[in-house]
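Written below as structure tokens is the structure these notes are about.
Values quoted throughout were computed directly from the atomic coordinates according to the rules given, and no laboratory measurement underlies them. Since this is a predicted model, take the numbers as computed values, not measurements. Every residue, glycine as well, gets a Cβ built from its backbone with ideal geometry; the counts of neighbours run over all protein chains shown.
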Amino acid sequence: STRITVRDIVKMKGREKIAMVTAYDYAMAKLVDQAGVDVILVGDSVGMVVHGFDTTIPVSMDMMLIHVASVSRARPRALVVADMPFLSYETSVEEAVRNAGLLMKAGADAVKLEGGGEMSDVVRALVRAGIPVMGHIGLTPQRSFLIGGYRRRGLSEKERDRILEDARELERAGVFSIVIEYTAADVAGEVTRELNVPTICIGSGPFCDGQVLVLHDLLGLTEHPPPFAKAYADLRSMIIKAVGEYAKEVKAGVFPEEKHYFYSKKT
Ligand code: KIV
Ligand code: NA
């Protein structure tokens, strides 16, 4: 089957909902792709769910490049979008193009960056370089220190107007889609109706062109998942049970069994 392109994602608006999920390595990318998602996001959430940081601030380009390369080796049918980590695109347009280019060389099909109209110059420069860009508005975790934590967005008239204007400016700058995070459902719906490019929502209600979840939340691996996440499995308890059984069998001398080993000569 042929690979999903940015063009395919744009054309899904109004026709078919877009299913996006994060993955950070080869094995999981293979599985989520086989499950049939449209977009795999190598999110900077990797810093929290894989590397154990409290925020996404410590995530570096080197970390992102390793995870993007790992996912890309799965050769998924799904579109691979790579998050631009904190400080890889804010200091200058040149640095943003260089870093986005590195993510593309590592195997990404597109990049995602946080921010609204103030990022227009960066988005334009990336698009000019041939790099498809996904926007990310509403709750932008890389700015959680500035906006006062992981707060719900779009509740006030001022914030609602800001989000709508940011979405419009990002579309004008050339993004092919926009993630809307932890934003009032009616506001996300308004953005969705207003834009020609698809919106992909997380914690922002059903009136969007698609949804995204962090894989570890979806699988029930996260100890304290956000309130908007849905766990479709309880892998935490499955893993604890399986590894616990293994440890017990080792201690009891039950594992390994005869089929798991060999001798140098007949005994
Ligand atoms: O890093 C991430 O996983 C994300 C999604 C929550 C949209 O940006
Ligand atoms: Na992210």
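The value of relative contact order for the stretch 1-93, using C-alpha pairs under 8 Å at least six residues apart, is 35 percent. Taking Cα atoms only, the orientation of helix 185-194 departs from the longest principal axis of the chain by about 60 degrees. Within the chain, the longest segment free of exposed loop sites, counting chymotrypsin sites (Phe, Trp or Tyr not before Pro) that fall outside DSSP classes H, G, I, E and B and have at most 12 other Cβ atoms within 10 Å, spans 1-231.
Measuring between alpha carbons in the structure, the pairs from K13/K158; K11/K230; K30/K105; K11/K112 lying more than 25 angstrom apart are K13/K158; K11/K230.
If R0 is 41 Å, the Cβ-Cβ spacing of F228 and V93 corresponds to a FRET efficiency of close to 0.80. Relative to the longest principal axis of the chain, what angle (0 to 90°, nearest 10) does the C-alpha long axis of helix 235-252 take? The two axes meet at around 20 degrees.
Grab the eigenvalues of the alpha-carbon gyration tensor for the stretch 6-233, scale each by 5, take roots, and send me the semi-axes largest first in whole angstrom.
Listed largest to smallest, the semi-axes of the stretch 6-233 are 23, 20, 18 Å.
Our summary of shape: the Cα atoms of the stretch 63-154 have principal axis extents of 38, 25, 21 Å, ordered from largest down, in whole angstrom.
Between K112, K241, K13, the Gaussian network model of the chain with springs among Cα atoms under 10 angstrom shows the greatest mean-square fluctuation at K241. For the chain, averaging the sequence separation of C-alpha pairs within contact (under 8 Å, six or more residues apart) and dividing by the residue count gives a relative contact order of 16 percent.
To the nearest ten degrees, helix 93-105 and the longest principal axis of the Cα atoms of the chain are 40 degrees apart. Within the listed set V42, V250, V197, the Gaussian network model of the chain (springs between alpha-carbon atoms below 10 Å) gives the highest mean-square fluctuation for V250.
Taking only Cα atoms and a 10 Å spring cutoff, compute GNM fluctuations for the chain and point out the largest among A242, A106, A184. Maximum among the listed residues: A242.
Run through the DSSP bridge list for the stretch 6-233 and note the antiparallel percent, rounded to the nearest 5. Walk me through the intermediate numbers first.
Values: 1 of 29 bridges.
Here the antiparallel bridges make up roughly 5 percent for the stretch 6-233.
Annotation: amide H-H contacts under 5 Å for S177 (H modelled 1.01 Å from N, sequence separation of 5 or more, or interchain): G135.
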